[in-house]
1. Got a sec? Which of LYS264, LYS272, LYS291, LYS305 is surrounded by fewer than 17 Cβ atoms within 10 Å (Cβ to Cβ), at negative phi and at pLDDT 95 or above?
2. So which residues in the stretch 175-188 are in contact with a Phe, Trp or Tyr (Cβ under 8 Å, 6 or more places away or on another chain) and under 12 Å from ALA100 (Cβ atoms)?
3. Out of ILE170, ILE165, ILE198, I need the residue that is in the same structural domain as TYR227 (by TED's automatic domain parsing), in contact with a Gly (Cβ under 8 Å, 6 or more places away or on another chain), touching a residue at least 60 places away in the same chain (Cβ under 8 Å) and not polar (S, T, N, Q). Which one?
4. Scan the stretch 218-271 for residues that are among the aromatic types (Phe, Trp, Tyr) and in contact with a Lys or Arg (Cβ under 7 Å, 6 or more places away or on another chain) and jot them down.
5. Anything in the stretch 142-160 that is crowded, with 16+ Cβ neighbours inside 10 Å and either of a type in the set (A, V, I, L, M) or within 36 Å of the chain's Cα centre (by Cα) (or both)? List them, or say none.
6. When you check SER142 against the structure, is it within 30 Å of ILE253 (Cβ to Cβ), free of Cβ contacts under 8 Å to residues at least 60 places away in the same chain and out of contact with any strand residue (DSSP E or B) (no Cβ under 8 Å at 6 or more places or on another chain), yes or no?
7. Across the stretch 219-254, what is the number of residues that are part of a strand (DSSP E or B) and either of a type in the set (Asp, Glu) or exposed (fewer than 12 other Cβ atoms within 10 Å of the Cβ) (or both)?
Amino acid sequence: MMDWFKGIEFAHPGFFWLFLIIPLMIGWYIWRNRALQGTLSISSMAGFSWGPKSYLHIFRHYGIVLRILTFSALIVAMARPQSALSWENETTEGIDIMIASDISGSMLSEDFQPNRLEAGKNIAVDFIKGRPNDRIGLVIFSGEAFTQCPLTIDHDVLINLFQGIHNGMIDDGTAIGMGLATAVNRLKDSEAKSKVVILLTDGVNNTGSIPPITAAEIAKQFNVRVYTVGIGTNGSAPYPFKDQAGNIHYQNIPVDVDEKTLMKIADITGGKYFRAHNNEELTGIYQQIDKLEKVKIAVTQFHKKTERYLPFAILAVIFLSLEFLLGNTIFKGALT
């Protein structure tokens, strides 16, 4: 029964004010009954104890009850209950995003917590979870570059692959140009409204067959926008290394982010350059990119309403008929 009332709307809710008449009906009924009551004085009730017993007096107020139910059902019917069915068609103009992440040895520096690589992974995963309508892929680069995950809407698979990346998967080095070119290659045939690369690195391009600026020019040709992110504190950062006994020691190494090149890449492609000095700043950068690259959704709403007053009108007729029948059959003259 409760399911029947779900999604019910009323076309004329003003009729519910008529419910205020019901207390007046009850008050009038009580006053009328008291006015019609008479008194009779008798010396003893003993003679009535042997008479036939009737329980019809229990129903002596059936008339007012049925009238109130009739009146209530009519009010609800006049308010015109309607079931409101609505749905939406969404047209999503998706955004294709490739994340190009540096996994070189210097990404193990611990100026981020627990280190640059892990911090970048964790924050990027949160970014991915917040964009369920976009295809996202992953390219990793160090001394060379390869696609860890092509563009996909299956973000669970992407996140699992992202969380599995680690330093040492490929030869060490920093091939920024190769990383960017590989990401652009994955986007060049995309028909998405917006094609984006998020390039994260902590160093200077020192290997690879494609210079970073050349890769940026290629990105521009394919309408790929690149957001570059330089990661690392100013000055130096603690870098862990093991001695021959397997003990971990730390050595401060210089932080050498090629900001000039990263800025130029962003400028050529119509993107933006960011610099992150800690976890909080990197989180904020991904949030800014998220706002800059919002999914465009066109929503068409449909509504369908079905009249539901008929059951209440039928109930009113039933209650009214029941009062008439009872008053002229079972209770005729019995309750007077």
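The values are calculated or read from the model by the stated rules, or taken from the named source; none is laboratory data. Remember, it's a predicted structure, so these values are computed and weren't measured experimentally. A quick note on method: Cβ atoms are made from the backbone with ideal geometry, for glycine too, and the neighbour counts reach across all protein chains shown.
1. Matching residue, one of LYS264, LYS272, LYS291, LYS305: LYS264.
2. To start, the set of residues in the stretch 175-188 that are in contact with a Phe, Trp or Tyr (Cβ under 8 Å, 6 or more places away or on another chain) comprises 175-176, 178-179, 182, 184, 187-188.
Across the stretch 175-188, the qualifying residues are ALA175, ILE176, MET178, GLY179, THR182, VAL184, LEU187.
3. So the residue among ILE170, ILE165, ILE198 that is in the same structural domain as TYR227 (by TED's automatic domain parsing), in contact with a Gly (Cβ under 8 Å, 6 or more places away or on another chain), touching a residue at least 60 places away in the same chain (Cβ under 8 Å) and not polar (S, T, N, Q) is ILE170.
4. Within the stretch 218-271, PHE222, TYR227 meet the criteria.
5. Listed by number, the residues that qualify are ALA145, THR147, GLN148, CYS149, LEU151, HIS155, LEU158, ILE159.
6. In short, no.
7. Here is the first cut: in the stretch 219-254, the residues part of a strand (DSSP E or B) are 224-231, 236-242, 248-254.
Those still in the list that are either of a type in the set (Asp, Glu) or exposed (fewer than 12 other Cβ atoms within 10 Å of the Cβ) (or both) too: 242, 248-249, 251, 254.
Qualifying residue count for the region: 5.
Matching residues to (1) surrounded by 10 or more Cβ atoms within 10 Å (Cβ to Cβ); (2) part of a helix (DSSP H, G or I); (3) modelled with pLDDT under 80:
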residue	(1), (2), (3)
ILE22	yes, yes, no
TYR29	yes, yes, no
ARG34	no, yes, yes
SER41	no, no, yes
SER44	no, no, yes
LYS53	no, no, yes
ILE64	yes, yes, no
SER72	yes, yes, no
